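Since every read-out is calculated from the coordinates, none of them should be taken as a lab result. All values reported here derive from a predicted model rather than from experimental measurement. Cβ placement follows ideal geometry from the backbone for every residue including glycine, while neighbour counts extend to all protein chains displayed.
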Amino acid sequence: MEAPELTLWNLFLWGVASVLKFVVTPSAMIASGHSAWVAWALTTTGSALGVLGFWHFGKCWFQWLEARMGPRPERGKRIFTPRRRRIVRVKNALGLRGLLLASGLISVPVAATLGAKYFRSQPAAKYLLVLAFALWAAALTTASWLLKQGVS
């Protein structure tokens with residue numbers, strides 16, 4: 001089977017797909033005839049650009065919310081619901097390592113925004129998230145390629 005043509009438009013669309021639907025993009029690229037290296041490179045590049053974009057967008061978004069809603073004392077005391085308690089418990093138990101492990105299963109925007117909100121003070125967090133997506137892309141691409149080759 002001949003490899004599909006990679007135009008700038010196709011590169012852009014695969015990059016957007018890797019940001020919005022990260023977990024299925026490597027499989028879709030392998031199924032459409034791209035090599036495993038191309039699938040991994042495009043998925044990694046798209047997710048890295050997505051992490052960097054949403055990391056900074058998340059920071060601006062939270063600042064905008066704070067400016068729009070006012071500082072916490074003006075809004076009153078935060079109600080600590082069971083759901084919020086559970087979120088804090090999971091965040092404290094798993095930390096950045098948990099976000100990195102789950103990053104491939106949750107989307108790039110969600111992982112980057114959560115990272116920006118909760119782990120911004122950790123100097124390497126943003127780059128570790130990019131690395132985690134690169135490793136996830138390698139694992140998903142390899143699994144898709146092996147499945148296509150008929151090797152289990």
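Mind checking the angle between helix 36-69 and the chain's longest principal axis? C-alpha axes, 0 to 90 degrees, to the nearest 10. Taking Cα atoms only, the helix is inclined about 20 degrees.
Size of the dipole of the chain about the Cα centre, Lys and Arg at +1 and Asp and Glu at -1 on the beta carbon, nothing else charged, in debye to 20?
Roughly 1360 debye, rounded to the nearest 20.
Using the alpha-carbon positions of the chain, Rg (one decimal) and Dmax (whole number) come out as 18.4, 64 Å.
Relative to the Cα centre, the charge distribution of segment 84-145, modelled as +1 at Lys and Arg Cβ and -1 at Asp and Glu Cβ, gives a dipole magnitude of about 480 debye.
Once the cut-off is 21 Å, how many percent of the Cα-Cα pairs in segment 62-152 end up in the long-distance tail? If you can, show how the numbers build up before the last one.
Numbers: 2055 of 4095 pairs.
Value for segment 62-152 (Cα pairs over 21 Å): 50 percent.
The ranking of TYR118, TYR127 by Cβ neighbour count inside 10 Å, starting from the fewest, reads TYR127, TYR118. For LEU8 and HIS56, what does the FRET efficiency come to when R0 = 35 Å and r is the distance between their Cβ atoms, rounded to the nearest 0.05? Result of the calculation: an efficiency of 0.90.
Here is how the number arises for the chain: DSSP H runs of 4 or more residues each give -39500 (n - 2.57), the sum is divided by the residue count, and the result at 222 nm is -25000 deg cm²/dmol.
Return HIS34, HIS56 ranked ascending by Cβ neighbour count within 10 Å, so the fewest neighbours appear first.
HIS56, HIS34
Computed over the chain with a Gaussian network model linking Cα atoms closer than 10 Å, the most mobile of LEU99, LEU128, LEU52 is LEU128.
Sorted fewest first by neighbouring Cβ atoms within 10 angstrom, SER35, SER18, SER144 come out as SER35, SER144, SER18. GNM remark for the chain: springs join alpha carbons under 10 Å apart, and the peak mean-square fluctuation among ALA28, ALA116, ALA93 falls on ALA93. Principal-axis analysis of the Cα atoms of the chain puts helix 82-102 at an angle of about 40° to the longest axis. For segment 1-80, a simple Cβ point-charge model (Lys and Arg +1, Asp and Glu -1, everything else neutral) yields a dipole of about 740 debye relative to the Cα centre. Principal-axis analysis of the Cα atoms of the chain puts helix 125-149 at an angle of about 30° to the longest axis.
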